[in-house]
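Reading through the structure tokens given below for one structure.
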Amino acid sequence: MHAGPFETDIAPSGSLLGLLRRGRGDGALHALAAPRTEAVEALDHCVRWDPRRDWRVEHRSLYYARLYIELSADLDAVEDHLAAHEELPIHTGSRGVSGEGGEERVGLAIAVLGHLARYGDRRAPILLRRHIRAGAGRLWALDELAGCEDDETLRALGPVVLAGFPDDREGAVSLGVAMRDAWEPRPWRLWEEDPARPAQGARLREARRAADFDRWRRQLRPDTPRPDWSVDSVLARANRDREENPDDFRPDAAARCLAVVAGPDDRPLLRSVARAGAPGERITALRYLAERGDPAAPGLLRDATAPGSHEDVARAALLALTRMRGDDALALARALCGEEGGLPGASDPTPAPTGVAAGVLLARHGSAADGPTVLESLRTAVRWTGDPLIEQLLPDLVDGVGRLGPDGAAPLLRHLYRETLSSLLRGRTAPALAATDPSFPAGFAVECLWDCEQDTRETAARFATTGDARVVERLRRLAADPAEWDEVQSAVRGRLDGTPGR
């Protein structure tokens, strides 16, 4: 679910399965040209074993649904996948499912069925209705079904869905939260207004009131303690939060709190804390001082990333470096990009992430003269695969290379485009290639018209050469596809009617 952008334990990037898992347009084109049995088997594998690095932000469902239609593939494998998750326990939380092993495993299959149902597939709604009655992720399935079913069919599902919520105070709150969070409110409105089931309507109205009251109560009396409004208390709270919940610690929130209470007279204290405080305190103080361009920030950041520093503090210092502004910050970044070393805790002395973080600052705010430096930082980042911090900085470096346009960028960008498992990173790479690679319109831009990410398809619609017959035909199909995103269709119609700026 959260693999790195260049994982080696998945299918190779040039294989049919590897292309489909990455959501590349070339995967769709290969699938349509491959033996049908092989293509359908690879497609089913992708839907059953969600390949997305982060299912909350990456898209695959429309990409796979279109392939099911174009391959005339049956839905037996999808049905078996959903059936395997029908016996999971149902937790009556905000979405009525367990957060572990539920939605995340079936969400892609449910979304694919939703697209197929809206395209007119007759079997997809049947599978969605069946899953609503017995499966994990049932409220996701309800949201998908609501976009394609008639009122009577949806009304009949009301008692089934409500039976999944206990008829007590806690169940009423969970039911009300589910109503409030529903992507499609239509089924809930139909159930609440159903004249044939007045008791059901009364229960839903009471659940809505219970959820609203529960939220109001928690706002008045939060379960978590509030810090006193002073610099010392905010710093102490930040360190305590980091020690108690290191995975959920949010230094940006702590720095915002600090911004409310800290004044010019507090700078000496904050510099002292940033130099020698507890880890949580140092992270918060470094972020605050870096964002405000404090004169001591460069030296403090250097100290925080020196060999022997606390690993979390070093990583936070590098992120703080990327947030600095002004000419002094750019001068510091240019100096740091030539340094080498290693992160605290690193197993070998590979080039330091300090240079990569400095490259991000130049990528965001540097001039054209910084282009070669940013490109070298991108090369360093690509070599440093598997480091979460470096992976977080990669997209900004790609954007910077596209903005600054240094010579020789195209080969590295092509490598990123081909190999990354992250469809979002590939979507950031496509515009960079459009700005730096003369072969892009007749090359990768053509396959991008079949990509899984709408931003990538939009880029392709603006740049793909119309000298390729496949491009014109694909543009026409995207323009007529009711499931396509508005931004993509606007770009497509602009190309078709000769107004590319539309």
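Assorted remarks:
- The Cα center of the range 416-484 and the Cα center of the range 13-83 differ in position by 18 Å.
- Contour excess over end-to-end distance, with Cα ends at R123 and I69 and 0.36 nm allotted per residue: 18.2 nm
- When a 1.4 Å probe is rolled over the protein heavy atoms, the share of accessible surface on the range 440-502 that falls to carbon and sulfur comes to 50 percent.
- Centre-to-centre separation between the Cα atoms of the range 151-211 and those of the range 368-389: 52 Å.
- Solvent accessible area, Å² - F213, 1.4 Å probe, full protein context: 100
- Ligands, DNA and RNA are left out, and with a 1.4 angstrom probe the accessible area of the chain is 46 Å² per residue.
- Diffusion of the chain by Stokes-Einstein, at 37 °C in a medium of 0.692 mPa s and with Rh set to the Kirkwood radius over alpha-carbon pairs, works out to 128 µm²/s.
- Of the solvent-accessible surface of the range 238-330, computed with a 1.4 Å probe and all protein chains present, 45% belongs to carbon and sulfur.
The values are calculated or read from the model by the stated rules, or taken from the named source; none is laboratory data. Note that the coordinates shown come from a computational prediction; the quantities given were computed from them, not determined experimentally. Side chains are part of the model used for accessible areas, which takes the heavy atoms of the whole protein and leaves out ligands, DNA and RNA. Shrake-Rupley method; radii C 1.70, N 1.55, O 1.52, S 1.80 Å.
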